[in-house]
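Engineer: Please find one structure pasted underneath; my questions will follow.
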Amino acid sequence: MIQKILIANRGEIALRIIRACRELGIKTLAVYSEADVQSLHVQLADEAICIGGPKSSDSYLRADRIISAAEIADVDAIHPGYGFLSENAKFAEQCESCNIKFIGPKSNSIRIMGDKAVAKETVRKAGVPIVLGSDGPVASEVEAVKIARKIGYPIIIKAVAGGGGRGMRIAHNDVSFAKEYHVASNEAEKAFGNGAVYIEKYIEKPRHIEFQILADSHGKVLHLGERDCSVQRRHQKLIEESPSPFLNSDLRKKMGKAAVRAAEAAEYENAGTIEFLVDAKGNFYFIEMNTRIQVEHPVTEEVTGIDLIKQQIRVANGEKLDFDQGDIKFERHAIECRINAEDPARNFTPSPGTISLYYAPGGLGVRIDSHVYSGYTIPPHYDSMIGKLICHGTTRKLALQRTYRALSEYIVRGIKTTIPLHKAIMSDPVFIDGKATTAYMEDFLSRTPVDLF
Ligand code: ADP
């Protein structure tokens, strides 16, 4: 039985995991960098150990120090959260070999899904549609152009080592391809230390619709419905909701089954997400699997009433999922807004600093997952998300009204945030009509005066 968990993460997700552990009667160990001494996860965990300097590469990415901390504090399991080491197969393996449970899939599943070419081939064999593209990294510009012509423009160039929407470029013909190919490769080299890129057919104005998977170690694989994450800026998600206003029940069933098959093909265990792009005609294509808990997991929790973090811990403990696909009810609509310390009126420049006053909204159907408080200083070393607002209602209309109401109550002084931007989106007819594709934000920003947010 798991009795003590090390949380190899920071911010709101660390807090989220502590909350689940407390309800399960499991002790927690926080690890933290010198920049996070003030952080709530350090204060709320049962124990805390400093593992290094502010830079992630000196702390949250130091597998050796994290495992040492786990051994010193005698924990049974490590929860990696999202980002940092969460999709690092070697780290999962190190945990396994030190007899510490890694709360996530087996390292082999991470490896399969972590290599985008292997992932696509694996799910294709299981009968899941994939986006046409190169078989793995392209060797040279000459080879890449040949493949691009064969697939047909427009083409998207993506970094093999990519993530978080970085290192992607779009080309519409041979001339722009030559330019974008080098830009993408150089960007990838700088951001990830690996310049390798692969190419795919660029699906125009698709929806990003992903399915939440939950699988135990006894072969049961279930899906917990979808999340529509089409509202993105520079391929990074800003708003997520479930159910998707685009899917009908036939397509939802078809995609849910495909998602389960994709997870089964990787012998998947624990929580994970199968991401699809869906075109205007309802054709859907697998793009990747995230082998970890995701930022937007609360949307699914609010719709289904299932605590995903607790399920992750139970699965890691070897327990069977005690419900079947037919038992999962989708009775509510939920919307999540990512609150970032950024100035949307100034091209989303980061706005770190001290929060002089913080007041979070509440009331029926409102949930806040956040690690910040009045007087908290946002360190400049990590991502800019300071919290998530998740509102639910029995209908999409109610969830929208509630989100707008909650955003209007939210007070964060001392820094700039995306709260006013979210308010503007919640009153935008295109979003209200459920018509947003991944092209939505660019259009919204071009037609909305900045003084509105
Ligand atoms: P990352 O691993 O960086 O998150 P993904 O492959 O998940 O990258 O893609 C992130 C986003 O980029 C998608 O949600 C979508 O908006 C866009 N995208 C990725 N691949 C394609 C494609 N083939 N056609 C159109 N848009 C794409």
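The values are calculated or read from the model by the stated rules, or taken from the named source; none is laboratory data. Computed from a predicted structure; not experimentally measured. When we count neighbours, we look across all protein chains shown, and the Cβ atoms used for this are built from the backbone with ideal geometry, even at glycine. SASA here: full protein model, heavy atoms, side chains in, ligands and nucleic acids out. Shrake-Rupley method; radii C 1.70, N 1.55, O 1.52, S 1.80 Å.
Engineer: List the number of the failed condition for ARG413; all other conditions in (1) closer than 19 Å to ARG234 by Cβ; (2) of a type in the set (D, E, K, R); (3) open to solvent by 30 Å² or more (accessible area, probe 1.4 Å) hold.
Structural biologist: (1)
Engineer: OK, next. Quickly run through segment 16-39 and pick out the residues that are of a type in the set (A, V, I, L, M, F, W, C), open to solvent by 80 Å² or more (accessible area, probe 1.4 Å) and under 21 Å from GLN3 (Cα atoms).
Structural biologist: none
Engineer: Something else now. Only one of SER249, SER242 is assigned by TED's automatic domain parsing to the domain that holds ASP216 and free of Cβ contacts under 8 Å to residues at least 12 places away in the same chain; which?
Structural biologist: SER249
Engineer: Next question. If you scan segment 145-164, which residues turn out to be more than 9 Å from the ligand (Cβ to nearest atom), in a loop (DSSP other than H, G, I, E, B) and open to solvent by 30 Å² or more (accessible area, probe 1.4 Å)?
Structural biologist: TYR153, VAL160, ALA161, listed by residue number.
Engineer: Same structure, new question: Restricting to segment 228-273, what's the tally of residues that are within 16 Å of the ligand (Cβ to nearest atom) and open to solvent by 50 Å² or more (accessible area, probe 1.4 Å)?
Structural biologist: 4
Engineer: While we're looking at this one, here's another question. For segment 96-117, what are the residues that are within 16 Å of the ligand (Cβ to nearest atom) and touching a Lys or Arg at 6+ places or on another chain (Cβ under 8 Å)?
Structural biologist: Scanning segment 96-117 gives a single hit, LYS116.
Engineer: If we scan segment 165-173, do we find a residue that is open to solvent by 20 Å² or more (accessible area, probe 1.4 Å), near the ligand (Cβ under 9 Å from one of its atoms) and of a type outside the set (Val, Ile, Thr)?
Structural biologist: For segment 165-173, residues open to solvent by 20 Å² or more (accessible area, probe 1.4 Å), near the ligand (Cβ under 9 Å from one of its atoms) and of a type outside the set (Val, Ile, Thr): present.
Engineer: Inspect all residues belonging to segment 41-54 and state whether any of them is among the acidic types (Asp, Glu), within 30 Å of GLY375 (Cβ to Cβ), away from the ligand (no atom under 16 Å from the Cβ) and in the same structural domain as LEU15 (by TED's automatic domain parsing).
Structural biologist: yes
Engineer: I would also like to ask the following. Scanning for something open to solvent by less than 50 Å² (accessible area, probe 1.4 Å) and out of contact with any Leu (no Cβ under 7 Å at 6 or more places or on another chain), does segment 68-75 turn up at least one residue?
Structural biologist: Looking through segment 68-75, none of the residues is open to solvent by less than 50 Å² (accessible area, probe 1.4 Å) and out of contact with any Leu (no Cβ under 7 Å at 6 or more places or on another chain).
Engineer: Need the failing condition index for ILE293 against (1) under 22 Å from PHE84 (Cβ atoms); (2) open to solvent by 40 Å² or more (accessible area, probe 1.4 Å); (3) in a loop (DSSP other than H, G, I, E, B), just the number.
Structural biologist: Answer for ILE293: the failing condition is (2).
Engineer: Checking the condition at pLDDT below 95, at negative phi and of a type in the set (Val, Ile, Thr), which residue from VAL118, VAL128 passes?
Structural biologist: VAL118
Engineer: From the list ARG65, ARG124, exactly one residue is surrounded by 14 or more Cβ atoms within 10 Å (Cβ to Cβ) and away from the ligand (no atom under 16 Å from the Cβ). Which is it?
Structural biologist: ARG65
Engineer: Taking segment 134-144, which residues are charged (D, E, K, R) and part of a helix (DSSP H, G or I)?
Structural biologist: Of everything in segment 134-144, those that are charged (D, E, K, R) and part of a helix (DSSP H, G or I) turn out to be GLU141, GLU143.
Engineer: Checking SER140 against (1) within 18 Å of GLU288 (Cα to Cα); (2) more than 12 Å from the ligand (Cβ to nearest atom), only one condition comes out false. Which one?
Structural biologist: (1)
Engineer: Continuing with the same structure: I need the full set of residues from segment 255-274 which are touching a residue at least 40 places away in the same chain (Cβ under 8 Å) and assigned to a helix (DSSP H, G or I), in order please.
Structural biologist: Scanning segment 255-274 gives MET255, GLY256, ALA258, ALA259, VAL260, ARG261, ALA262, ALA263, GLU264, ALA265.
Engineer: Mind checking which residues of segment 334-366 are open to solvent by 10 Å² or more (accessible area, probe 1.4 Å) and among the acidic types (Asp, Glu)?
Structural biologist: Matches in segment 334-366: GLU342, ASP343.
Engineer: Any idea which residue in segment 185-227 is most open to solvent (accessible area, probe 1.4 Å), counting only those that are without any contact (Cβ under 8 Å) to a residue 60 or more places away in the chain and closer than 21 Å to VAL260 by Cα?
Structural biologist: Filtering first and then ranking leaves GLY219.
Engineer: Right, here's the next one. Sort out which residues of segment 130-144 are touching a residue at least 40 places away in the same chain (Cβ under 8 Å) and either open to solvent by 50 Å² or more (accessible area, probe 1.4 Å) or acidic (Asp, Glu) (or both), and write them in order of number.
Structural biologist: Answer for segment 130-144, where residues must be touching a residue at least 40 places away in the same chain (Cβ under 8 Å) and either open to solvent by 50 Å² or more (accessible area, probe 1.4 Å) or acidic (Asp, Glu) (or both): LEU132, PRO137, GLU141.
Engineer: While we're on this one: Tell me which residues, restricted to segment 372-423, are closer than 20 Å to PHE330 by Cβ and among the hydrophobic types (A, V, I, L, M, F, W, C).
Structural biologist: Hits for segment 372-423 are ILE390, CYS391, LEU398, ALA399, LEU400.
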